[in-house]
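Just below is one structure, and these are the notes that go with it.
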Amino acid sequence: MSEFDFFVPRFTGKRFDNHSLPLDVLSDLATFEDFLFDVAKYQYRCNNPDSTRCPPNFWSGMGLTLSEVKEGSAKTVLKLATAASLLFPDIPALNYLKSARDAISMAIHAVEKNEPPTDHIPVHLLKHFEGFGKSLREKEAMELPLPGGTAVSHLTRETRKKLLLVSEQVKTYTENATVFGHVSEVDQKRESFEILTIFGNTVSGRIEEEHRMLLVDALRDFKSRLPVRIDGVGVFNRTGKLKELKSVTHMSVIDPLDISMRIAELKSLQAGWLDGVGESLDADGLDWLEDSLIAAFTNAPIPKLSPTEEGGVICEWIGPDSHFDVEINLLEHSGEWSLLNRSSGEYLEGLFDLDDAFAWRVIVQMSKQFKGRD
């Protein structure tokens, strides 16, 4: 039995900065083996049109194993085990697997260049991207080496979507999804539930036993407007609209001021959101703000977040006699703060450099005297 480095993708994004691999990504790598062999078998049949299948034991003893995760974001090494000796590298089955590996990477690269991926992989095999790349989140990528050099292709949520929707017959695709909203219906006879999302549309899902009581309790409290957060796999139409939840991995009742929920609402604002005026908010800036707020306010009152007409965000804390707010510039990472004591009439103001961790510690300390909501 021989082993050698066969497939070395690199994962980029914040989750991979510490050179580790989240468990959900392992499922992507597991599906790659089936993808690889299916493409290799297709190529064999194309080269041998008189054969309907590969010869017996053609792929015998061959398989992929995860060997290590190297530094450089998360660089994973998948080794190919083969019963054949590497002293004789010109093995037909091995050559087909190498060709299939390269074809998968070139198909991804093709959609990056707005070229047809079917020049490299037939349309019916693109279905494998349902599993391969499904765990990727926004601003994450899997870099796959391209043949003949140091260039790489980039599998992202966007390129994966394009690959899945190449065929016009494909009407939906699946992707990891997070839904914020209120439980509006629980049908225990049909084992289904509905969520009225923060954007006003309704999304349905199947009841799983571990979430049953939470759903029932949340429906009972619907009028109190306690929102829920649901993480799972969603079914999207071709325009990217979430139609339903295929499965749920996590569900919880959250604070009405939940930071991630409010950031999602702010991201949805289009230019002109304020009676025809009001700028849209910078998406990268909102991601930065979300990360900063979650890191800072784990044990402190959550602020109320509101958009400004100029495309900024106000973080606000209100107490019985005092008011504290920070108006944040998402592009410059700065914050103009003001503190008003209504009883004494005292008013203070200043400026924070929010790339400085000390500034966030000061904001947290100042916020602890407030409830963080009206």
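The values are calculated or read from the model by the stated rules, or taken from the named source; none is laboratory data. All of these numbers come straight from a predicted model, not from anything done at the bench. Note: ideal-geometry Cβ built from the backbone for every residue, glycine included; neighbour counts use all protein chains shown.
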* Residue selected from segment 341-374 under the condition over 34 Å from the mean Cα position of the chain (by Cα) and of a type in the set (Asp, Glu), by the criterion modelled with the highest pLDDT -> Glu349
* Asked: When only residues in segment 196-229 that are part of a loop (DSSP other than H, G, I, E, B) and modelled with pLDDT of 90 or more count, which is surrounded by the most Cβ atoms within 10 Å (Cβ to Cβ)?
  -> Pro227
* **Residues that are under 18 Å from Phe236 (Cβ atoms) and surrounded by fewer than 19 Cβ atoms within 10 Å (Cβ to Cβ), drawn from segment 136-156** => Arg137, Glu138
* Asked: So, of the residues in segment 111-128 that are in a helix (DSSP H, G or I) and out of contact with any helix residue (DSSP H, G or I) (no Cβ under 7 Å at 6 or more places or on another chain), which turns out to be farthest from Gln169 (Cα to Cα)?
  -> Thr118
* What tally of residues in segment 279-295 results from selecting those that are under 11 Å from Ile259 (Cβ atoms), surrounded by fewer than 17 Cβ atoms within 10 Å (Cβ to Cβ) and among the small types (Gly, Ala, Ser)? -> 1
* Asked: How do the pairs read when you match residues in segment 165-181 that are farther than 12 Å from Val203 by Cα with residues anywhere that are in a loop (DSSP other than H, G, I, E, B), using Cβ under 7 Å and keeping only pairs 6 or more apart or on different chains?
  -> Leu165/Arg238; Lys171/Arg238; Tyr173/Leu165; Thr174/Lys134; Glu175/Lys134; Asn176/Lys134; Asn176/Ser135; Asn176/Arg137
* If we keep just the residues of segment 317-362 that are within 16 Å of Lys304 (Cα to Cα) and among the small types (Gly, Ala, Ser), which is surrounded by the fewest Cβ atoms within 10 Å (Cβ to Cβ)? -> Ser338
* Structure fact -> Taking segment 171-185 and keeping only residues that are more than 12 Å from Arg157 (Cα to Cα) and not hydrophobic (A, V, I, L, M, F, W, C), one is left with Lys171, Thr172, Thr178, Gly181, His182, Ser184, Glu185
* Check off (1) more than 26 Å from Phe199 (Cβ to Cβ); (2) in contact (Cβ under 8 Å) with a residue 40 or more places away in the chain for Leu289 and give me the number that stays unchecked. => (1)
* Pairs, first over 18 Å from Ala264 (Cβ atoms) in segment 306-317, second of a type in the set (Gly, Ala, Ser) and part of a strand (DSSP E or B), C-beta under 8 Å, six or more apart -> Glu316/Ser306
* To do: Pick out the one residue from Ile207, Ile195 that is closer than 15 Å to Val233 by Cα and touching an Asp or Glu at 6+ places or on another chain (Cβ under 6 Å).
  => Ile207
* Structure fact -> Subset of segment 234-278, residues surrounded by 14 or more Cβ atoms within 10 Å (Cβ to Cβ), in contact with an Asp or Glu (Cβ under 7 Å, 6 or more places away or on another chain), of a type in the set (Val, Ile, Thr) and not in a helix (DSSP H, G or I), comes to Val235, Val248
* For Ser344, all conditions in the list (1) more than 30 Å from Gly13 (Cβ to Cβ); (2) in contact with a Pro (Cβ under 9 Å, 6 or more places away or on another chain); (3) part of a loop (DSSP other than H, G, I, E, B) hold save one; what is the number of the exception? -> (2)
* Structure fact -> Within segment 297-312, residues surrounded by fewer than 17 Cβ atoms within 10 Å (Cβ to Cβ) and either under 24 Å from the mean Cα position of the chain (by Cα) or in a helix (DSSP H, G or I) (or both) come out as Thr298
